[in-house]
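Below is one structure, written out as structure tokens, with a few remarks after it.
Rule-based calculations on the coordinates, nothing more; no lab input. These numbers were taken from a predicted model, which means no experiment stands behind them. All Cβ positions, even for glycine, are placed from backbone atoms using ideal geometry, and neighbour counts span all protein chains on display.
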Amino acid sequence: MKKIASFTIDHTILPKGMYTSRVDGDVTTYDIRMRRPNVEEVLTNGSIHTIEHLFATYVRNSEFTDNIIYFGPMGCRTGCYFLTRGMDGQDVIKLAREAFQFIASYEGEIPGVSAIECGNYRDHDLAQAKIDAADMVKVLTGYTNLEYPTK
């Protein structure tokens, strides 16, 4: 079988950041890398699940609501994928930074956390999600380059 594009990225040199993973017509997939692969501990299930709920809620309530396709965790738990339609890359970075800032300062009930709304509603960790999000605010502050690093 042909190797998929995301497996051709050299994960041994991949720092935290945000990268254009692929472009399919007007839909762009962004790789939001929150941990250095195979170097740092991965995100906990509770944290990444809470980040998913809060980030998705924030961006789907932003001025770009019609441009948001998907936000969700990577299976390796080193980051998330963010899919948008028809958005400028710098606007996507700004929106992601704002979403992480929202999470970092969030107080209250996590949206969509009930047995009716979520398939694993008991597995959330707001305290750790806030720490992880605050770290990404620092990473994305002043961030402009969406290209994967090369050796």
Problem - Residues of the stretch 98-113 classified as over 11 Å from His53 (Cβ atoms) and surrounded by 10 or more Cβ atoms within 10 Å (Cβ to Cβ), total - result: 7
Problem - Inter-residue pairs, beta-carbon under 6 Å, first touching a residue at least 24 places away in the same chain (Cβ under 8 Å) and in the stretch 8-25, second aromatic (Phe, Trp, Tyr), 6+ apart - result: Ile9/Tyr148; Met18/Tyr30; Tyr19/Tyr148
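Could you run through the stretch 56-72 and say how many residues are touching a helix residue (DSSP H, G or I) at 6+ places or on another chain (Cβ under 7 Å), surrounded by fewer than 18 Cβ atoms within 10 Å (Cβ to Cβ) and closer than 26 Å to Val42 by Cβ? Before the answer, list the steps.
The first filter runs over the stretch 56-72 and keeps only residues touching a helix residue (DSSP H, G or I) at 6+ places or on another chain (Cβ under 7 Å), leaving 58-59, 62, 64, 68, 71-72.
Those left that are additionally surrounded by fewer than 18 Cβ atoms within 10 Å (Cβ to Cβ): 62, 64, 72.
Okay, now just the ones that are also closer than 26 Å to Val42 by Cβ, so 72.
The number of residues fulfilling the criteria is 1.
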Completion exercise
If we ask which residues in the stretch 1-59 are farther than 25 Å from Tyr106 by Cβ, among the hydroxyl-bearing types (Ser, Thr, Tyr) and touching a Cys at 6+ places or on another chain (Cβ under 9 Å), their number turns out to be 0
Fill in the blank from the handout: If you go through Thr29, Thr44, the only one that is hydroxyl-bearing (Ser, Thr, Tyr), in contact (Cβ under 8 Å) with a residue 12 or more places away in the chain and closer than 19 Å to Ile131 by Cβ is Thr44
Completion exercise
Picking from Asp135, Asp123, the residue that is among the acidic types (Asp, Glu), under 23 Å from Lys16 (Cα atoms) and either more than 11 Å from the chain's Cα centre (by Cα) or not in a loop (DSSP other than H, G, I, E, B) (or both) would be Asp135
Practice task
Sort through Ile69, Ile32 and tell me the only one that's in contact with a Gly (Cβ under 7 Å, 6 or more places away or on another chain) and not charged (D, E, K, R).
Solution key: Ile32
Exercise for the section: Determine if the stretch 73-85 includes at least one residue that is touching a helix residue (DSSP H, G or I) at 6+ places or on another chain (Cβ under 6 Å), aliphatic (A, V, I, L, M), surrounded by 13 or more Cβ atoms within 10 Å (Cβ to Cβ) and not in a loop (DSSP other than H, G, I, E, B). Expected result: no
